[in-house]
């Protein structure tokens, strides 16, 4: 249940719990038991942070489940990055064996 502020004419301001459905109802003063109407003494803190910090929180919230991507394909993709596709430097022989003439000969292919 939330806190609400009330104003007693005899005792002054006080804070009390009330259910959400009774937010507009008056409350009994805890000192003198007279009926006190609800008042707004403390303003709600809706924008209590700097614009830079708010923007950082918004950015983090956006990237939590859907990170920002610049393209749907990886770097060097010929269809969307504007460059031409790099040809494969793998030499495939008629028997199906492969060799990599520009790579180190001791490297194992996967």
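The values are calculated or read from the model by the stated rules, or taken from the named source; none is laboratory data. Owing to the predicted nature of the structure, the values given are computational and were not obtained by experimental measurement. Backbone-built Cβ (ideal geometry, glycine too); neighbour counts: all protein chains shown.
List of remarks:
- Selected residue [under 30 Å from residue 4 (Cβ atoms) and at pLDDT below 75] from 24, 36, 64, 47: 47
- Pick from region 6-21, criterion part of a strand (DSSP E or B) and at pLDDT below 90, ranking: surrounded by the fewest Cβ atoms within 10 Å (Cβ to Cβ): 17
- Per this entry, residue 90 is counted among residues that are surrounded by 10 or more Cβ atoms within 10 Å (Cβ to Cβ) and either at pLDDT below 80 or touching a strand residue (DSSP E or B) at 6+ places or on another chain (Cβ under 8 Å) (or both).
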